[in-house]
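The values are calculated or read from the model by the stated rules, or taken from the named source; none is laboratory data. Treat the numbers as computed from the prediction; the structure is a model and nothing was measured. Positions of Cβ are generated from backbone atoms using ideal geometry, with glycine treated the same way; all protein chains shown enter the neighbour counts.
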């Protein structure tokens, strides 16, 4: 398995299958772990970071966590490759832009990625399409057990797993569900989500997590604290209370659009499809915005001749790093916008 193998198809998070996949794009669980006997990365020397990277890489690759694990040395990887991994949600933006010894191990199906020397010594992640929190937990728990069998984690009998950020102390778990909420945005009721999240002490972030804005009507909902709750408590809250409530909000908003504003709804969807099939220049954010409306149109049965899988792939393959990989060269400005528009026209049967 090579990094280039990832560039011609959508990642796991945009596969477009799984329960509630018309609203729930993906389910993700991350675990923060650190090794005992080493300082947190903010206090680690360059030599200590190198030692951690080598030791953790060897253990992970020898743990039979998944067949055909790909390991990427991020210190040596070109910037474009690091950005591509961010776009695929396999590493974080801070991990891509950091300095020093660091890397990531990725499973062939991209459901699992294990970041070494991100904020913590280890960030284990499992990402699945649709609402699959229980399955995601089973997979990541098995990976964590396999790694922990060969390493001594920093653990306190009272406080649990010790982490660089105090909000992760305890279980070290971060549960995150990515939602596509175009109808709530169109009806001006997206504040319902923000209020519900605030009441439940949850964080609402954009497409690429902390510090990012919502793009293409994608929102990530995640827990903010882990201390004092079990993994089952946190996951159960999401699966049984938080996500069903937000799905109900979105589905109700879609019904309102069909019943009361069907002409405006179809106009919005058709304009998006028309622009995507005819535009000669497309910026990345504009493309996400138009694809979001088109995806809503397909899911609501308002568009019949566009495949949902194609839309999901376009969300990813039109991002800057993926587009440049497809082009086989570095491009920027209007050249990149023109290449993006041409690629979208080809995929959607435009002129």
query = Does the stretch 301-311 include one or more residues that are at pLDDT 95 or above and in a helix (DSSP H, G or I)?
reply = no
ask   = Is there a residue being under 21 Å from residue 313 (Cα atoms) and either in contact (Cβ under 8 Å) with a residue 40 or more places away in the chain or surrounded by 13 or more Cβ atoms within 10 Å (Cβ to Cβ) (or both) anywhere in the stretch 67-81?
value = yes
request  = Having 3 or more residues that are touching a helix residue (DSSP H, G or I) at 6+ places or on another chain (Cβ under 9 Å) and more than 30 Å from residue 327 (Cβ to Cβ) is the bar; report the helices (runs of 4 or more DSSP H) wholly within the stretch 1-101 that clear it.
outcome  = 46-61
message = Here is a check on your reading of the model: is residue 267 outside the structural domain of residue 180 (by TED's automatic domain parsing), free of Cβ contacts under 8 Å to residues at least 24 places away in the same chain, surrounded by fewer than 19 Cβ atoms within 10 Å (Cβ to Cβ) and under 20 Å from residue 14 (Cβ atoms)?
response = no
